[in-house]
1. Scan segment 119-167 for residues that are without any contact (Cβ under 8 Å) to a residue 40 or more places away in the chain and under 17 Å from the mean Cα position of the chain (by Cα) and jot them down.
2. Tell me, which residue of segment 162-196 that is of a type in the set (Ser, Thr, Tyr) and part of a loop (DSSP other than H, G, I, E, B) is farthest from Val15 (Cα to Cα)?
3. What do you reckon, is Asp97 under 13 Å from the mean Cα position of the chain (by Cα), open to solvent by less than 50 Å² (accessible area, probe 1.4 Å) and charged (D, E, K, R)?
4. If a residue counts only when it is modelled with pLDDT under 90 and touching a Ser or Thr at 6+ places or on another chain (Cβ under 7 Å), which helices (runs of 4 or more DSSP H) contained entirely in segment 13-106 have at least 1 such residues?
5. Just to be sure before I move on: is Ala37 more than 20 Å from Gly183 (Cβ to Cβ), of a type in the set (Gly, Ala, Ser) and touching a helix residue (DSSP H, G or I) at 6+ places or on another chain (Cβ under 7 Å) in the structure I sent?
6. Pick out the one residue from Asp177, Asp122 that is in contact with a Pro (Cβ under 9 Å, 6 or more places away or on another chain) and surrounded by 17 or more Cβ atoms within 10 Å (Cβ to Cβ).
7. Could you give me the residue pairs with C-beta distances under 6 Å whose first residue belongs to segment 1-22 and is more than 20 Å from Thr62 (Cα to Cα), whose second residue is among the aliphatic types (A, V, I, L, M) and open to solvent by 10 Å² or more (accessible area, probe 1.4 Å) wherever it lies, and which are 6+ apart or on separate chains?
8. May I ask you to list pairs of residues, at least six apart or on different chains, whose Cβ atoms are under 7 Å apart, with the first in segment 80-91 being on the phi < 0 side of the Ramachandran plot and the second being assigned to a strand (DSSP E or B) and not hydrophobic (A, V, I, L, M, F, W, C)?
Amino acid sequence: MRFVLASASPARLAVLRAAGIDPSVVVSGVDEDAVAANLTDPSPAELVTALALAKAEKVADTLAGTYSDSHPAVVVGCDSMLSIGGEMVGKPKSAEDAHKRWAAMAGGTGELLTGHAVLRLDTDARAIGSRGTTVRFGTPTQHELDAYVGSGEPLAVAGAFTLDGLGGWFVEGVDGDPSSVIGISLPLTRQLLAEVGVNVVDLWPPTS
């Protein structure tokens, strides 16, 4: 069984590799704004799962015919957004936007929502789900925040922060699943894989 990650995120790839899975990476190229625009007043969980499913389906279509019963595969799509004060935010549009985000987040909490979709290509089985994790933010000084935004990192990630990179210096803690905050929830992915008939340990490399 081949594991295909429908994401360009190096953080998600690193989490999976550290957890014993070396996936194939196929980027979906889905227009996230267009997917969101077609939803009618979605809840935060519905939004991230719809985006994750759209990415997984696009990659599954791309791979149609590539895998067979003798070479089966599962495609995993992911999407993450941060809820601050009831507002869902993705990647900041600019450095100014990142500064504003941190002005709202500093010293407070937010809920990082991650949606996952798992599609099994040989059976057409699918499973979707989401996970929310509370993030407790520190209060960086203006100098620290200028340096962090200047690094470019917060412009590339949902919520304008990372847990596993430079942003980790400014996160006081998380209440919930740390891997979900990084971008792919290992417990949720394990559950969804099981729902389509795949045991995660069978995806690990063989031991000698």
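The values are calculated or read from the model by the stated rules, or taken from the named source; none is laboratory data. Worth saying up front: this structure is predicted, and the values here are computed from it rather than measured. Ideal geometry is used to build each Cβ from the backbone, glycine not excepted, and the neighbour counts take in all protein chains shown. Accessible surface is based on the protein model in full, side chains and every heavy atom, while ligands, DNA and RNA are left aside. Shrake-Rupley method; radii C 1.70, N 1.55, O 1.52, S 1.80 Å.
1. The answer is Glu153, Leu163, Gly167.
2. Quick first cut of segment 162-196, residues of a type in the set (Ser, Thr, Tyr) only: 162, 179-180, 185, 189.
The next check asks that each one be part of a loop (DSSP other than H, G, I, E, B); those that pass are 162, 185.
Values: Thr162: 13, Ser185: 9 Å.
Ranking the candidates gives Thr162 first.
3. no
4. Details: elements: 32-37, 44-62, 95-105.
Here the list reads 44-62.
5. It is false that Ala37 is more than 20 Å from Gly183 (Cβ to Cβ), of a type in the set (Gly, Ala, Ser) and touching a helix residue (DSSP H, G or I) at 6+ places or on another chain (Cβ under 7 Å).
6. Exactly one of Asp177, Asp122 is in contact with a Pro (Cβ under 9 Å, 6 or more places away or on another chain) and surrounded by 17 or more Cβ atoms within 10 Å (Cβ to Cβ), namely Asp177.
7. So the pair list comes out as Ala11/Ile182; Val15/Ile182; Ala19/Leu186; Ile21/Leu203.
8. Listed by first residue and then by second, the contacts come to Ser80/Thr114; Leu82/Gly110; Ser83/Gly110; Ser83/Glu111; Ile84/Gly110.
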